[in-house]
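Visitor: Shown below is the structure under consideration.
What follows is calculated from the coordinates using simple rules that are stated; it is not laboratory data. Since this is a predicted model, take the numbers as computed values, not measurements. All Cβ positions, glycine included, derive from the backbone under ideal geometry; neighbour counts span all protein chains shown.
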Amino acid sequence: NIMLVDENNVYEEIRPFVNTIKEQHVNIINNAQLRQEFTANVSHELKTPLTAISGYAELIGNGMTGKEDTIRFSNEIHSNANRLLSLINDIIKLSELDEADHQMEMERIDLYKLAENCVQMMQVTAEKQGIRLTLQGESTMAMANKGLMDEVFYNLCSNAIRYNKPGGSVTVTVGTKDERPFLSVADTGIGIPKECQERVFERFYRVDKSRSKSTGGTGLGLAIVKHIVAQHNAALHLDSELDEGTTIEIVF
Ligand code: ADP
């Protein structure tokens, strides 16, 4: 049949399919590039603490270190091993989220209750750093995955505490806006420079690498949050002023 139709018409008819194939091709190339970058970053991030662990263990193993140095090196091994563990946990979480057929169990949950649990759990950490952590709002039901939403609350609160200033505060709010359930975590911390605000959701992107590492950050927390929010078809808003604070809001 195609042979009988004018060549230009045939092209017009198949043009939408050609365009779709072209778009898919570009997506595949972009995804492959992202995956390659991620693999390179993962290798680098895993090798750093492992190299430190190996080095300190070798020093202790030589039997030449005094008591003080032995304690110092053991502490280094301990903190690098913890770092490695957090990284591996976050990488596993991301790869589970990445699985195309990742089936989320959705149920009607009270976001306020989840927030309450998280605030309770993080209270000691916040107090230790002189940060006032409070919850406001009311019982708010939403269709969501409980485990993943726990993760969101934990990651956002943990950042709001870690990137805060002494005497600062963190306010978690849960409620309804234009009939949509929402949650937000606002801090009075160091803020994020305008030019970095889009990039903080990328895997392994940090504004200040040394601060992130010294406070136990893996550089994957916000990437995980972004992924979970997308899977819930919710919207993610970031509002931040350098030196004044940051608010992250999720609207269902
Ligand atoms: P990390 O494990 O490094 O905290 P995240 O993905 O959670 O990784 O965050 C990425 C980067 O965004 C952080 O390294 C930090 O520079 C910045 N950031 C995240 N949350 C905040 C916040 N509440 N205030 C200031 N900066 C933040």
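Visitor: Can you classify the range 57-190 as rounded, prolate or oblate using the Cα gyration tensor, where a ≥ b ≥ c are the square roots of its eigenvalues, rounded means a/c under 1.5, and otherwise it's prolate if a/b beats b/c and oblate if not?
Guide: oblate
Visitor: Here is a follow-up. Mind pulling the angle between the C-alpha long axis of helix 67-98 and the longest principal axis of the chain? Nearest 10 degrees, somewhere in 0 to 90.
Guide: Between helix and principal axis, roughly 20 degrees.
Visitor: Now for a different question. Could you please rank Arg108, Arg211, Arg162, placing first whichever residue has the fewest other Cβ atoms within 10 Å of its Cβ?
Guide: Arg108, Arg211, Arg162
Visitor: Order of Ile29, Ile53 from fewest to most other C-beta atoms within 10 Å?
Guide: With the sparsest Cβ surroundings first, the list reads Ile29, Ile53.
Visitor: So, one more: A 19 angstrom limit on the alpha carbon distance is what I want to check against. Which of Lys93/Lys128; Lys93/Lys194; Lys165/Lys209; Lys93/Lys165; Lys128/Lys194 exceed it?
Guide: Lys93/Lys128; Lys93/Lys194; Lys93/Lys165; Lys128/Lys194
Visitor: If you put +1 on each Lys and Arg Cβ and -1 on each Asp and Glu Cβ, how big is the dipole of the range 125-252 around its Cα centre, in Debye rounded to 20?
Guide: On the way: 15 positive and 16 negative charges, 109 e Å.
Dipole about the Cα centre, nearest 20: 520 debye.
Visitor: Between Lys113 and Met143, 0.36 nm times their residue separation minus their Cα-Cα distance comes to what?
Guide: Full extension of this stretch gives 9.4 nm more.
Visitor: Going toward the positive end of the dipole of the chain, with +1 on Lys and Arg Cβ and -1 on Asp and Glu Cβ, which of Ala57, Met141, Ile161 do you reach last?
Guide: Selected residue: Ala57.
Visitor: Where does helix 146-162 land angle-wise versus the long Cα axis of the chain, in degrees 0 to 90, nearest 10?
Guide: 50 degrees
Visitor: Multiply the residue gap between Glu99 and Ser54 by 0.36 nm, knock off their C-alpha separation, and tell me the result in nm, one decimal place.
Guide: Net length gain for the segment: 12.9 nm.
Visitor: Using +1 at the C-beta of Lys and Arg and -1 at the C-beta of Asp and Glu, which of Thr173, His25, Ala234 has the Cα lying farthest in the positive direction of the dipole of the chain?
Guide: Towards the positive end, the residue furthest out is Thr173.
Visitor: In debye, nearest 20: dipole of the chain around its Cα centre with unit charges on the Cβ of K, R (+) and D, E (-)?
Guide: 1020 debye
Visitor: On to the next question. Rounded, prolate or oblate for the chain? Axes are the square roots of the Cα gyration tensor eigenvalues, ordered a ≥ b ≥ c, and the cut-off for rounded is a/c under 1.5.
Guide: Values: a/c = 2.46, a/b = 1.37, b/c = 1.79.
In terms of gyration-tensor shape, oblate.
Visitor: If r is the Cβ-Cβ distance from Ser210 to Asn9 and R0 is 45 Å, what FRET efficiency results, to the nearest 0.05?
Guide: 0.10
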